[in-house]
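Working notes for the structure below.
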Amino acid sequence: QVQLVESGGGLVQAGGSLRLSCAASGTISRFNTMGWYRQAPGKQRELVARITTGGSGGSTYYADSVKGRFTISGNNAVNAVYLQMNSLKPEDTAVYYCSMSYTSTSITTAYWGQGTQVTVSS
């Protein structure tokens, strides 16, 4: 049984910073993709940032709305992913979810955390 546990959310003023962490436990050797999503009230869940690992060194993706402000990093050795959020804006307020997935024999399995609330006050 794989479980993802997020931490680091909270209340911060606009312009401030938060660092989210997500750690996986269970019998998984290595995830191919780790990412952060968020869902604001009344809106669909959206991809914020994603990091993938691969033979060529991997890649990162950021939503346009967070480019230059958020940084994703991962540690495959301990199955953890982090999101450093700087220059936070009120529109960043949402529940943030981490997700990790791996692909084996062409089948992708994804896991989700329970979510952590980030509130940015103006």
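Any residue in the range 90-117 that's free of Cβ contacts under 8 Å to residues at least 24 places away in the same chain: show its pairings with residues that are open to solvent by 50 Å² or more (accessible area, probe 1.4 Å) and not polar (S, T, N, Q) at Cβ separation under 7 Å, as long as the two are six or more apart or on different chains.
What qualifies is T109/Y102.
Considering only residues that are exposed (fewer than 13 other Cβ atoms within 10 Å of the Cβ) and either hydroxyl-bearing (S, T, Y) or not in a loop (DSSP other than H, G, I, E, B) (or both), which ones fall in the range 48-64?
S56, S59, D64
Is it the case that some residue within the range 50-67 is of a type in the set (F, W, Y), within 15 Å of S21 (Cβ to Cβ) and either free of Cβ contacts under 8 Å to residues at least 12 places away in the same chain or out of contact with any Lys or Arg (no Cβ under 7 Å at 6 or more places or on another chain) (or both)?
no
Given the range 1-47, what strands (runs of 3 or more DSSP E) lie entirely inside it while holding 3 or more residues that are in contact with a strand residue (DSSP E or B) (Cβ under 6 Å, 6 or more places away or on another chain) and not aliphatic (A, V, I, L, M)?
Numbers: elements: 3-7, 10-13, 18-25, 33-39.
Per the criteria, 3-7, 18-25, 33-39.
Which of the residues that make up the range 1-29 are touching a residue at least 60 places away in the same chain (Cβ under 8 Å), open to solvent by 50 Å² or more (accessible area, probe 1.4 Å) and over 11 Å from G113 (Cβ atoms)?
So in the range 1-29, the residues touching a residue at least 60 places away in the same chain (Cβ under 8 Å) come out as 2-22, 24, 28.
Subsequent filtering for residues that are open to solvent by 50 Å² or more (accessible area, probe 1.4 Å) retains 3, 5, 7, 11, 13-15, 17, 19.
L11, Q13, A14, G15, S17, R19 - these are the residues of the range 1-29 that are touching a residue at least 60 places away in the same chain (Cβ under 8 Å), open to solvent by 50 Å² or more (accessible area, probe 1.4 Å) and over 11 Å from G113 (Cβ atoms).
Filtering the range 68-83 down to residues that are modelled with pLDDT of 90 or more, open to solvent by 50 Å² or more (accessible area, probe 1.4 Å) and part of a strand (DSSP E or B), which residue is nearest to Q13 (Cα to Cα)?
T71
Inspect all residues belonging to the range 102-109 and state whether any of them is assigned to a strand (DSSP E or B) and more than 27 Å from T27 (Cα to Cα).
Looking for residues that are assigned to a strand (DSSP E or B) and more than 27 Å from T27 (Cα to Cα), one finds none in the range 102-109, hence no.
The values are calculated or read from the model by the stated rules, or taken from the named source; none is laboratory data. Here the structure is a predicted model, which is why all the values come from computation and not from measurement. For neighbour counting, all protein chains shown are included, and Cβ atoms are generated from backbone atoms with ideal geometry for every residue, glycine included. Please note that ligands, DNA and RNA were not included when accessible areas were found on the heavy atoms of the full protein model with its side chains. Shrake-Rupley method; radii C 1.70, N 1.55, O 1.52, S 1.80 Å.
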